[in-house]
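Trainee: Below is one structure. I have some questions about it.
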Amino acid sequence: MRTEIVTEIILLAKRDKRLVFLTGDLGFNAFEHLREILGKRFINAGVAEQNMIDVAAGMARMGLHPWVYSIAPFLTLKAFEQVRNNICHPNLPVKFLGNGGGYGYGIMGETHHALEDVAIFSALPNIKIFAPAFKEDIPSIVKIMSLSKTPSYARLNLLQTSGIKKFRYGKLRKIREGKKLTVIVLGYLVHNVLKGLESLRQTNAVDLWCVTEIPFTLSTPLLNSLRSTKKLLIIEEHGFSGGLGEKILAKLMKKKMNINTFSHLFARGYHSGLYGSHTFHLKENHLDVKGISRQITRML
Amino acid sequence: MQRKNNNSYNNANESIKNHNYPGLISAAFRAKLYKELLTLLYKANSEHIGSSLSCLDILTVLFFSEMGKADKFILSKGHAVPSLYVILYFMGKMSRATLYSFHKDGTTLPAHPPQNLDRSIPFHSGSLGHGLSLSCGIAESMRLLTPKNKKAARVYCLISDGECNEGQVWEAAQYATKRQLGNLIVLIDKNKLQAFGRTSDVLGDSASVEKWKSFGFETYSCNGHKPEELQKTFDTIRSRNTMKPKVIICDTIKGFGVSFMENKLEWHYHRLTDELYKKAMKEIDARYEN
């Protein structure tokens, strides 16, 4: 996904002379061209994320447009206070690109995983979180982030194209129409759901929705879907606390929505004590194609 | 060197002792600032008195003599903000009523700096270690946004010697050197006392010339309570005009100006009673009476 982002940022940098790109010593085989194009405006801030984020805050205060790149947990965890005090509280338009949402970094281990990033950043004021679902989302997200006057964070993972002919970006989109079960999924995991649906005997059973921006509001069509199916499955590659599931449940409580059957697939951490690839961890947490389709079948 | 005179209180006839820059900051004006600060701290029943007193002279020189309009100041040692509030009041940035709302319910002036107060405070601070990085970002922006034929404005960042315990200070120091932020001037209020011990006893002297030099800074040392010495240092920096970031290690006394507070760790926490307030005010009068 870095390639798509870089393409967009290069386009942007040519127009926006105030764009500055900071990386925490990462980007081998990805940012070389960007570095060439940006010249002085490309800064390798070294393995010093706390400094990098405060530098970006200082730049944003002075009217520059800083984009900050690192591995997701190094932005959300290591430099949390910097993000809170100097970017979110003053509401400065710094743009964070966190690579490897969820178990994205696979065998690199848990230091490189981001299972709390949504919870952490959504606890802060003013910041928008983006969890792109399809390759085609990237231009829209980069555009929204570049125009945004508030802080923003993109949770990046490997993406596939949607295969949808009339593709439209949306905060909360309906991806498939169905009548028996409402499924809401966070970001790119929608690919696993779509593949899972292929193996189902029943077609038109699952009403599939995808969340790509937080905060979001539950739209009337989604609420109508829930009123009609009364069954809800939430799927996210993120821990339970502060994740998409909790956020949706709180909203549904407010709407006094009656759901008969509810289930939630989320990242449960490292319960087996075993490590592996991204796919391995998804399987461990029933977030792989099989795990998801099994859960959907159970609920139908 | 011709110096702008934006100090309406400055009076060349009231001079301080041992100076080489006659009339830079008059004794009468210094006394006025010290007394306002002590009165503010007393009325607000505020802590952090020692830390505020140790940097008042540095801030006075910065705001009333050194800094230009486009220059920025970051108070990284946020707990010394009473001094900054007093300075901003004397610069006409806030009313007396606002100043004296300090530390009270419903104030815009909390015990650590709020952000963007009349644009004089670009960031809120209080958690130590951030200011130098923020200043690096500002210094770098000034350079990127200044046309090639013009000189970039400067950033002045005041940190404390205890604050140099923070790892982020050294991340920022490496950054400043590598990025050749010659328009960054770090001032260390080296009062040698931190919140619960002498800096030498806690983690050692992190504000030493050797440490900062080894990180690539152009280093200067001066007495942080002699305005003329401080200004001379600024002028030397200006005349050398190098690409290196600068640090001025200001030798200061925590609780400066009030004998019973000087070099006393407890004045990080103690509040002024009626009796001690009167005593302190008398001492300031005596010190600057001529």
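The values are calculated or read from the model by the stated rules, or taken from the named source; none is laboratory data. Since the structure is predicted, the reported quantities are computational estimates derived from the model, not experimental observations. Every residue, glycine as well, gets a Cβ built from its backbone with ideal geometry; the counts of neighbours run over all protein chains shown.
Trainee: Inspect the stretch B:179-197 for any residue being of a type outside the set (A, V, I, L, M), more than 8 Å from every other protein chain (Cβ to nearest Cβ), part of a helix (DSSP H, G or I) and buried (at least 19 other Cβ atoms within 10 Å of the Cβ) and give the result as yes or no.
Mentor: No; the residues of the stretch B:179-197 include none that is of a type outside the set (A, V, I, L, M), more than 8 Å from every other protein chain (Cβ to nearest Cβ), part of a helix (DSSP H, G or I) and buried (at least 19 other Cβ atoms within 10 Å of the Cβ).
Trainee: Would it be correct to say that A:Gly58 is farther than 23 Å from A:Asn126 by Cβ and either at pLDDT 95 or above or outside the structural domain of A:Phe134 (by TED's automatic domain parsing) (or both)?
Mentor: Working: farther than 23 Å from A:Asn126 by Cβ: no; either at pLDDT 95 or above or outside the structural domain of A:Phe134 (by TED's automatic domain parsing) (or both): yes.
Answer is no for this residue.
Trainee: Something else about it: Evaluate the stretch B:55-69: report whether one residue or more is farther than 27 Å from A:Val55 by Cα, touching a residue at least 12 places away in the same chain (Cβ under 8 Å) and touching a Cys at 6+ places or on another chain (Cβ under 9 Å).
Mentor: Within the stretch B:55-69 (the criterion being farther than 27 Å from A:Val55 by Cα, touching a residue at least 12 places away in the same chain (Cβ under 8 Å) and touching a Cys at 6+ places or on another chain (Cβ under 9 Å)), the answer is yes, since at least one residue qualifies.
Trainee: Looking at the stretch B:145-165 only, could you name the residues that are assigned to a loop (DSSP other than H, G, I, E, B) and surrounded by fewer than 23 Cβ atoms within 10 Å (Cβ to Cβ)? Please lay out each step first, then the result.
Mentor: Going residue by residue through the stretch B:145-165, those that are assigned to a loop (DSSP other than H, G, I, E, B) are B:146-154, B:161.
Within the stretch B:145-165, B:Thr146, B:Pro147, B:Lys148, B:Asn149, B:Lys150, B:Lys151, B:Ala152, B:Ala153 meet the criteria.
Trainee: May I pose another question? Examine the stretch B:112-120 for a residue that is within 24 Å of B:Lys32 (Cβ to Cβ) and out of contact with any helix residue (DSSP H, G or I) (no Cβ under 8 Å at 6 or more places or on another chain), and state whether such a residue exists.
Mentor: Checked against the condition, which is being within 24 Å of B:Lys32 (Cβ to Cβ) and out of contact with any helix residue (DSSP H, G or I) (no Cβ under 8 Å at 6 or more places or on another chain), the stretch B:112-120 yields no hits at all.
Trainee: May I ask you to say which residue of B:Glu275, B:Glu228 is acidic (Asp, Glu), without any contact (Cβ under 8 Å) to a residue 60 or more places away in the chain and either over 29 Å from B:Ala172 (Cα atoms) or surrounded by 16 or more Cβ atoms within 10 Å (Cβ to Cβ) (or both)?
Mentor: B:Glu275
Trainee: Have a look at A:Glu110, A:Glu116, A:Glu136 and point out the one that is of a type in the set (D, E, K, R) and over 19 Å from A:Val185 (Cα atoms).
Mentor: Details: A:Glu116 fails: over 19 Å from A:Val185 (Cα atoms); A:Glu136 fails: over 19 Å from A:Val185 (Cα atoms).
Step by step, each of A:Glu110, A:Glu116, A:Glu136 is checked, and only A:Glu110 is of a type in the set (D, E, K, R) and over 19 Å from A:Val185 (Cα atoms).
Trainee: Condition first: at the interface with chain A (Cβ under 7 Å from one of its Cβ atoms) and surrounded by fewer than 21 Cβ atoms within 10 Å (Cβ to Cβ). Now tell me which residues in the stretch B:117-144 satisfy that.
Mentor: Residues satisfying the conditions are B:Ser127, B:Leu144.
Trainee: Oh, and also: Of everything in the stretch A:26-55, what is of a type in the set (D, E, K, R), surrounded by 14 or more Cβ atoms within 10 Å (Cβ to Cβ) and either without any contact (Cβ under 8 Å) to a residue 24 or more places away in the chain or not assigned by TED's automatic domain parsing to the domain that holds A:Pro93 (or both)? Give them in sequence order.
Mentor: We begin by selecting, within the stretch A:26-55, every residue of a type in the set (D, E, K, R); these are A:32, A:35-36, A:40-41, A:49, A:54.
Narrowing further to those that are surrounded by 14 or more Cβ atoms within 10 Å (Cβ to Cβ): A:35, A:41, A:49, A:54.
Of everything in the stretch A:26-55, just one residue is of a type in the set (D, E, K, R), surrounded by 14 or more Cβ atoms within 10 Å (Cβ to Cβ) and either without any contact (Cβ under 8 Å) to a residue 24 or more places away in the chain or not assigned by TED's automatic domain parsing to the domain that holds A:Pro93 (or both), namely A:Arg35.
Trainee: Looking at (1) at pLDDT 95 or above; (2) within 14 Å of another protein chain (Cβ to nearest Cβ), which is the one condition that is false for B:Lys148?
Mentor: (1)
Trainee: Within the stretch A:69-83, is even one residue of a type outside the set (A, V, I, L, M, F, W, C), part of a loop (DSSP other than H, G, I, E, B) and at the interface with chain B (Cβ under 9 Å from one of its Cβ atoms)?
Mentor: Restricting attention to the stretch A:69-83, the residues satisfying the condition of being of a type outside the set (A, V, I, L, M, F, W, C) are A:69-70, A:73, A:76, A:78, A:81-82.
Remaining after also requiring part of a loop (DSSP other than H, G, I, E, B): A:78.
Still in the list and also at the interface with chain B (Cβ under 9 Å from one of its Cβ atoms): none.
No - not one qualifying residue is present in the stretch A:69-83.
Trainee: Moving on. Considering the stretch A:1-20 alone, what residues qualify as being among the aliphatic types (A, V, I, L, M) and in contact with a Leu (Cβ under 7 Å, 6 or more places away or on another chain)? So that I can check it myself, show each step before the final result.
Mentor: If we filter the stretch A:1-20 for residues that are among the aliphatic types (A, V, I, L, M), which is where we start, we get A:1, A:5-6, A:9-13, A:19-20.
Listed by number, the residues that qualify are A:Met1, A:Ile5, A:Val6, A:Ile9, A:Ile10, A:Leu12, A:Ala13, A:Leu19, A:Val20.
Trainee: Here is a further query. What are the residues in the stretch A:1-23 that are surrounded by 15 or more Cβ atoms within 10 Å (Cβ to Cβ), within 22 Å of A:Pro132 (Cα to Cα) and not aliphatic (A, V, I, L, M), if any?
Mentor: A:Arg2, A:Glu4, A:Thr7, A:Glu8, A:Phe21, A:Thr23
Trainee: Do you know which of the residues in the stretch B:126-164 that are touching a residue at least 60 places away in the same chain (Cβ under 8 Å) and of a type in the set (S, T, N, Q) is farthest from A:Gly39 (Cα to Cα)?
Mentor: Filtering first and then ranking leaves B:Ser160.
A quick yes/no check of all residues on (1) of a type in the set (Ser, Thr, Tyr); (2) closer than 23 Å to A:Asn126 by Cβ; (3) over 20 Å from the mean Cα position of the chain (by Cα):
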| position | (1), (2), (3) |
| --- | --- |
| A:Glu4 | no, no, no |
| A:Leu12 | no, yes, yes |
| A:Leu26 | no, no, no |
| A:Gly39 | no, no, yes |
| A:Gly46 | no, no, yes |
| A:Met62 | no, yes, yes |
| A:Lys78 | no, yes, no |
| A:Gln82 | no, yes, yes |
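Trainee: What are the residue pairs meeting all of these: first residue in the stretch B:180-193, first residue farther than 17 Å from B:Lys150 by Cα and basic (Lys, Arg), second residue at pLDDT 95 or above and outside any loop (DSSP other than H, G, I, E, B), Cβ atoms under 8 Å, and 6 or more apart or on different chains?
Mentor: From residues that are farther than 17 Å from B:Lys150 by Cα and basic (Lys, Arg), the pairs are B:Lys190/B:Ser160; B:Lys190/B:Ile249; B:Lys190/B:Cys250; B:Lys190/B:Asp251; B:Lys192/B:Arg198; B:Lys192/B:Thr199; B:Lys192/B:Ser200.
Trainee: If you don't mind, there's one more thing I want to ask. Would you tally the residues in the stretch A:1-30 being hydrophobic (A, V, I, L, M, F, W, C) and in a loop (DSSP other than H, G, I, E, B)? Walk me through how you get there before you give the answer.
Mentor: Going through the stretch A:1-30, the residues hydrophobic (A, V, I, L, M, F, W, C) turn out to be A:1, A:5-6, A:9-13, A:19-22, A:26, A:28, A:30.
Those left that are additionally in a loop (DSSP other than H, G, I, E, B): A:1, A:26, A:28, A:30.
Looking only at that region, the number is 4.
Trainee: To continue, here is another question. Within the stretch A:206-255, which residues are within 18 Å of the chain's Cα centre (by Cα), surrounded by fewer than 18 Cβ atoms within 10 Å (Cβ to Cβ) and among the hydroxyl-bearing types (Ser, Thr, Tyr)?
Mentor: Answer for the stretch A:206-255, where residues must be within 18 Å of the chain's Cα centre (by Cα), surrounded by fewer than 18 Cβ atoms within 10 Å (Cβ to Cβ) and among the hydroxyl-bearing types (Ser, Thr, Tyr): A:Thr217, A:Ser241.
Trainee: From the residues in the stretch B:80-128 that are touching a His at 6+ places or on another chain (Cβ under 9 Å), part of a loop (DSSP other than H, G, I, E, B) and among the hydrophobic types (A, V, I, L, M, F, W, C), which one is nearest to A:Val83 (Cα to Cα)?
Mentor: Out of the qualifying residues, it is B:Phe123.
Trainee: Can you tell me which residues in the stretch A:2-21 are in contact with a helix residue (DSSP H, G or I) (Cβ under 7 Å, 6 or more places away or on another chain), over 22 Å from B:Leu145 (Cβ atoms) and hydrophobic (A, V, I, L, M, F, W, C)?
Mentor: A:Ile5, A:Val6
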